[in-house]
Amino acid sequence: MAPIFKRVAGSIGNLRCLVKGVALCVAGPLLAEVTQPCPPLQVEAVCKGGAVEAVTLRPPRGVASNLSFAVTSQDKGGVTGDKAHLLSGNQSMTLPVKGGAFTLAVLGLESQEAADNSACCFSNQTVGLAGLCAETGAPDEAVEPVLPDVAIGLEMSESCNAGTCAGVLTLTGDVPEQIQLSLTIAPAIVRDVQAGGGLRCEQTGGAVLCDWAKPAQAELVFRIPRSQPEGVLEICAQTGVAAEPRLRAMALQAALNAKGYDAGKVDGLIGPATRSALAQMKADEGITGEEMLPEAALRALGLSDFVDANPQNNRMCATTLIPKPPLVCDKRSTVQSGEACLCRLRNMVRVSERACACPKGTVASGGACVKRKQPQTTPRPKKPAAATALVCDRKTTVQRGTSCACRYSGMRKVSATKCRCSNGLPALPGVGCVNVTLSLPGGGDKP
């Protein structure tokens, strides 16, 4: 038997299995060659038109409940190529197929910490496709698989208490070892979700995505603001991922992270990290096409829609009352008395259920609201009017102090700023007033 694992490594607990030419198990310091064959995986056909379109691989029930399997194809260019796929617990894995048969290489990994050498196993398993999809008369009629029936139940407490709303989630019927559940919350006021009983949940806004690890009931605790107004909180739980974009994005991120592709925080926001992780996964799986999330990628990530025999019991909603928030009185303006806030001072007026205030124009003084005293003000003395600046006539006067004096002798003032010669003649510049004598014919002078 030719070795078909070029190199497959995985670790669960304290045990590591390594195959390189031969299969070896390492449990603590022990090293032993694996000789026992793995229990064969269950093979279920996915039929279309009477032909096998894909196969679903499952670990055998009970026999390998503590084993996980690393699976790859011996056939070059087969359904899985050289890449190993990890199949945990009773999880299933669906693979597209071509041709009439293929051979799987199966490596079993012990999931318990206290494991002996028999914890590891290795074998080849040939899967024949002929006869897996039996025809029933009509050439295009496929054999319908027998589907399990999983029912979900949800009960919420009658009302929330001090910002805490409690509930119990149950799954009944043919519950698989692992299943995804989604919760939607309205209104989207929940700050935190705490889950028990094997539930691991991621939350963003009003959407919660949970991985159910074991078939049992789980207690849920939803934290809401204590000041939230009175109303009703509705929680809806559903098997699989609800058809809500943010939940779908969260499921994609969680699946990529689980397969070792770093999609970043599971927050339902498709950003560069998520797109890069998805592109790398598609390249590793040989998935082509421009579509962001083709059907082949959904199958590779285990994100196909949950389908069972009775879809009617796959969703359940429950409500709980949000009580009126506790009364908190304003300590500066009120005094709490039972379920009422009484105004602390006389003459106060109520501005809300929890606060009071003094009316406009009043102030708190001596246990009451009193009229505000108007401050007494002293009138300002009036400033004396500014004296008009004196502008003396430069030709006939000279400014002396606050008055204008006549520039030349023989002048008299005609105004506060102007003088003129007494003889009525104009003054000569630099000379002043002059007397002029005229000689008249016939004798005699006249000034």
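The values are calculated or read from the model by the stated rules, or taken from the named source; none is laboratory data. Given the structure is predicted, the values throughout are model-derived calculations rather than measurements. Methodologically, a virtual Cβ is constructed for each residue, glycine included, from the backbone with ideal geometry; neighbour enumeration extends over all protein chains shown. Heads up: the accessible areas ignore ligands, DNA and RNA and are worked out on the full protein's heavy atoms, side chains in. Shrake-Rupley method; radii C 1.70, N 1.55, O 1.52, S 1.80 Å.
Give me a comma-separated list of calculated 3J(HN,Hα) values for region 347-357, in order, Karplus coefficients 6.51, -1.76, 1.60 applied at θ = phi - 60°, integers in Hz, x for any Gly or Pro.
6, 5, 10, 7, 9, 7, 5, 10, 8, 10, 7
Would you please name the GluC sites (Glu not before Pro) within region 148-222 that are DSSP coil residues with at most 13 other C-beta atoms within 10 Å of their C-beta? All intermediate terms of the calculation are to be shown ahead of the outcome.
Values: sites: 155, 158, 177, 202, 219; in loops: 158, 177.
The qualifying sites are 158.
Counting only protein heavy atoms, what percent of the accessible surface of region 172-268 is carbon or sulfur at a 1.4 Å probe? Show your work: numbers first, answer last.
Numbers: 2010 of 4410 Å².
Accessible surface attributable to carbon and sulfur in region 172-268 totals 46 percent.
Which FRET efficiency, nearest 0.05, do residue 382 and residue 431 yield, Cβ-Cβ r, R0 56 Å? Intermediate values should be presented prior to the final figure.
Details: r = 49 Å, r/R0 = 0.87.
With R0 = 56 Å, the Cβ-Cβ based efficiency is 0.70.
Return the FRET efficiency for the residue pair residue 315, residue 164: r is the Cβ-Cβ distance, R0 is 30 Å, and the value is rounded to the nearest 0.05. Let's see the in-between values first.
Working: r = 25 Å, r/R0 = 0.82.
Here the calculated transfer efficiency is 0.75.
Can you tell me the length gained on complete extension of the stretch residue 332 to residue 232, counting 0.36 nm per residue apart and subtracting the Cα distance? All intermediate terms of the calculation are to be shown ahead of the outcome.
Numbers: separation 100, 0.36 × 100 = 36.00 nm, distance 3.29 nm.
Additional length available on full extension: 32.7 nm.
Please calculate how many Å² of accessible area region 161-228 carries per residue, with a 1.4 Å probe and no DNA, RNA or ligand atoms counted.
Values: 3090 Å² over 68 residues.
Result: 45 Å² per residue.
If R0 is 45 Å, what FRET efficiency do you get for residue 371 and residue 188 from their C-beta distance, rounded to 0.05?
Values: r = 50 Å, r/R0 = 1.12.
Plugging the Cβ-Cβ distance into 1/(1 + (r/R0)^6) gives 0.35.
Order 330, 308, most accessible first, counting only protein heavy atoms with a 1.4 angstrom probe. Please list the in-between numbers first.
Values: 330 45, 308 10 Å².
Order by accessible area, largest first: 330, 308.
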